[in-house]
1. Can you grab the distance from the C-alpha centre of the range 516-556 to the C-alpha centre of the range 410-446, Å, no decimals?
2. What does the charge add up to near S439, with Lys and Arg as +1, Asp and Glu as -1, over the other residues with Cβ less than 15 Å from its Cβ?
3. Taking amide H positions as placed in the peptide plane 1.01 Å from N, state which residues far from G258 in sequence (5 or more) or on other chains have amide H under 5 Å from it.
4. Taking the Cα centre as origin and putting +1 on Lys and Arg beta-carbons and -1 on Asp and Glu beta-carbons, what dipole magnitude results for the range 92-187, to the nearest 20 debye?
5. Show me, bin by bin at 10 Å from 0, the whole-percent P(r) of the range 216-356 based on Cα pairs.
6. Rank by packing, highest mean first: peptides 173-180, 49-56, with packing defined as the count of other Cβ atoms within 10 Å averaged across residues.
7. Calculate one ³J(HN,Hα) per residue across the range 7-23 by plugging θ = phi - 60° into the Karplus curve 6.51 cos²θ - 1.76 cosθ + 1.60, and present them in order as whole Hz with x for glycine and proline.
8. Quick one: grab Rg to one decimal and Dmax as a whole number for the range 1-94, Cα atoms only, in Å.
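Computed from the coordinates by the stated procedures, all read-outs in this text should not be read as laboratory data. Keep in mind the model is a prediction, meaning the values are calculated, not measured. Here Cβ is always computed from backbone atoms with ideal geometry, including for glycine, and neighbour counts include all displayed protein chains.
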Amino acid sequence: MMDHIDLPALTQASGTIRLPGSKSISNRMLLLAALAAGETEIRDLLDSDDTRVMLAALQKVGVGVTALGNNAYRVVGCAGVFPGKDADLFMGNAGTAIRPLTATLALSGGHYRISGVPRMHERPIGDLVDGLRQIGCDVRYTGNDGYPPLEIFPADVKLDAPIRVRGDVSSQFLTALLMALPLTGETAMIEMTTPLISKPYIEITLNLMARFGVTVERVDWQRFTIAGGQSYRSPGIVHVEGDASGASYFLAAGVIGGGPVRVEGVGRQSIQGDVRFADALETMGAQITWGDNFIEARAPATGKLKAFDLDLNHIPDAAMTLAVAALFADGPCRLRNIASWRVKETDRITAMATELRKLGATVEEGADFIAVSPVSTIKPGVAIDTYDDHRVAMCFALVALGGVPVRINDPGCVAKTFPHYFDAFGEITAPVIAIDGPSASGKGTVAQRVAAALGFHFLDSGALYRLTALAALRAGVALDDEVAVAGVAAQLAAEFSGEQVLLAGADVTAAIRAEDIGVGASKVAAMPAVRAALFSRQRAYRRFPGLVADGRDMGSVIFPEAQAKVFLTASAAARAERRYKQLIDKGMPANMHALLQDLQERDARDAARSVAPLRQCDDAVLVDTTPLGIEEAVAAVLEIAQRKLPRK
Ligand code: DC
């Protein structure tokens, strides 16, 4: 476990992120599939701490769950209550697991003990237990009254009166009752005794219950009736949407860091209330585009984020992201009606206030609100404490986009819902230096040395085209068959480890440098389908602390947002001479005149080709290395990087 991650100063965010599955939907679907008649295949399930807790608990009470790979699971439903009648269940800090499971187990006629991490034992569950006791369930506290751990015993249940339950502490109490009550087969009624918070989460619950065949009648947000005689039936194959709460960090990054940033997996069709976070960004002036399955965000046309004063009761999780976005607004911002923050993974109002103050912000907090005044300069190098709260860790990453380095302590806590969060964040924000230039300009060597000097990652994009050519030839694919070669590129089992290049585990470092592979690479690199197939793979190299990307279209197509673009060139004569020396040093035959002619022909071909022609980008800095040695060329590029990249 890393004890911290240091994010460098950042100024720019753009790109596309494929979201992991929604936690709220994943855990609800798992439970509904477990209770349903028939087998359910759940695809795109979130792989995280909270879903692992739910999977393990279901298996312990006798539910058949099989991992099918690629985040798909087959769940063999029990068609009613769980077969396992005695179990100790550990719920970690997963509210979406402990609440619905407690209600379900209380109606399952068994003896169960339920516990979690210490923080879970501080998170209230009393309103749910009270509700269950009203219908005769035998649920007891084994620690403090009103909190887990719990012990559950078999009991006779009577549904002769409505269950009266509070709605203003956690909407999960209502979700738990709604999901569990159909197990009784009788008509059940729930009445809220206090106004319901976080209503969109109840919409998710009702939506998913309906998909599994149980409908709930609702009168306002006050009274819910589940008609008797209904039972859960598997809908067959179901898909989990991307996590809309997790989307908030990337959308905000797009707005603060220019954008566009696109998140895939949620959109217009989403059943998650947290997609409304995009509306909140819009009130700040952000430019938002909606697709059926994506949302895209970019900075306000004016370039300035507007202050806000919003009731955020409907998006309590995503709202935390707004508290950090407030640092970048043009005036004081107020987040209202968020009392539930106090009983989440940590007391989020206190946590957010404490950490925002460390950055220099003036923060006011109350029982159910937080007010944040922006700062002209965020204090650099602050270490943010995360309180074992994934969302605190994730939203404070945005601070780096203020052009200041920031340290996030205990970054591993993001595993609760988004295990690869910091990689994904790096993919849209890490600094990029794009180096392009003609063949034999020495750009490969220079790029590699610059990367080493800065401690950055290195992408040799030419090697990917060489690998594609080699893999195609080895697979017996004709190099003029564009569709087939693109298929090879999409599946390329390539790996770079240090200086070594591996293809399907075999060392091909030397093999890809062979003359015929170079010719093959040049052929396949001219095919649009091949370039498209390698696009996301190259984008994925953008990582912390930064990337040096070497190749033809690095600054124009793959990383148009690169903070530093260099066009490295040298006269044809100088390049021919360098190549000549290289060959002679290797003891190979060489002819100066032939080399020069070859280079000139290749330059002409490269400049004339329609796909990714060799050309200096408008915003690239020209470095002519004709009179320079390698060390001087490296120094020249480093000097450009220093000028263009955000300060350390
Ligand atoms: O840089 P190199 O010689 O390893 O590149 C191999 C081939 O791929 C060469 O013909 C240029 C081409 N290429 C490209 O079209 N786009 C890139 N980004 C990198 C290389």
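1. 14
2. Details: positive: K443, R466, R513, K523, R552, R575, R578, R579, R602, R605, R609, R615; negative: D436, D460, E515, D550, D553, E577, D598, E601, D603, D606.
Residues near S439 contribute +2 overall.
3. A13, A299
4. Numbers: 9 positive and 10 negative charges, 44 e Å.
My answer is approximately 220 debye.
5. Binned Cα distances yield the sequence 11, 34, 31, 16, 7, 1.
6. On the way: 173-180: 26.1, 49-56: 21.4.
Per-residue Cβ counts within 10 Å, averaged per peptide and sorted highest first, yield 173-180, 49-56.
7. Whole-Hz 3J(HN,Hα) from phi for the range 7-23: 8, x, 4, 10, 10, 9, 9, 6, x, 10, 10, 8, 6, x, x, 5, 5.
8. Here Rg and the maximum Cα pair distance are 17.0, 56 Å.
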